[in-house]
Each structure stands twice: as C-alpha cells, then as structure tokens.
1. How much net charge surrounds V27 when only the other residues with a Cβ under 10 Å from the Cβ of V27 are counted, with Lys and Arg +1 and Asp and Glu -1?
2. In whole angstrom, how long is each semi-axis of the equivalent ellipsoid of region 22-85, when you take the square root of 5 times every eigenvalue of its Cα gyration tensor and sort them from largest down?
3. Which Cα, out of N85, N56, L39, lies furthest along the positive dipole direction of region 22-85 (beta carbon charges, K/R +1, D/E -1)?
4. Nearest 0.05, what FRET efficiency do R57 and R24 give at R0 = 25 Å with Cβ-Cβ as r?
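Only the coordinates and a few stated rules stand behind these numbers; no lab work does. Given the structure is predicted, the values throughout are model-derived calculations rather than measurements. Cβ placement follows ideal geometry from the backbone for every residue including glycine, while neighbour counts extend to all protein chains displayed.
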Amino acid sequence: MAGFWSKLFSNDEKPSSAQTAKDRLKVIVASENGLGKRLSPEKIDMMKKEIMQVVNRYVRGVDEQHIQMSVRSEANIEMLEMNINLPEER
C-alpha cells in the first residue's frame with residue numbers, strides 16, 4: 001500500500017493525467033442493497049473524517065472544504081462518491 005501512496009504523492013514531473021491524479025482523489029463505496037440500509041449519515045460522516053485523517057498523513061491541509069460527496073444510482077447499484085481536491089503545495 002505504501003507504494004500506491006508514494007507514487008500518488010511523489011514530486012517527480014509526470015504527464016498531466018498523473019498530475020490530475022495527484023491533485024484529486026476519488027473514493028467510491030457501492031452497494032446493491034442500498035447504502036441507506038448500511039450507512040447512516042453518522043457513519044458516512046465518520047468515514048469522511050477517517051479518510052481525511054489518512055490523506056493528511058501524506059498531504060497536509062486537507063479539510064472538509066476540499067471534499068465533495070454525492071450519492072447516485074446506476075442500474076441497481078447505489079454509490080457514495082467522494083472527491084477530494086488536494087490543496088496546493090506550500
């Protein structure tokens with residue numbers, strides 16, 4: 001797992017798609033049985049905070065203003081999508 005994070009947050013110059021991946025993370029949680037049955041709003045909020053803590057181990061300055069969350073359905077699958085825009089390096 002450390003290899004994933006070091007590649008994602010390395011300072012090497014890479015093509016723009018790699019830069020885009022570095023600047024933005026996407027987390028998707030999906031369920032065929034409906035997320036509302038499995039994830040209460042409290043659990044979703046706890047998940048958001050825990051993900052922020054993990055990301056902040058590697059990139060400082062991520063807070064709730066950098067995170068957009070949405071719930072959407074495709075076919076019979078309900079998805080919680082979380083986009084995290086990483087702050088500029090200082």
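1. My count for the surroundings of V27 gives +1.
2. Equivalent-ellipsoid dimensions as semi-axes: 23, 13, 8 Å.
3. Of the candidates, N56 comes out farthest on the positive side.
4. The computed FRET efficiency comes out at 0.90.
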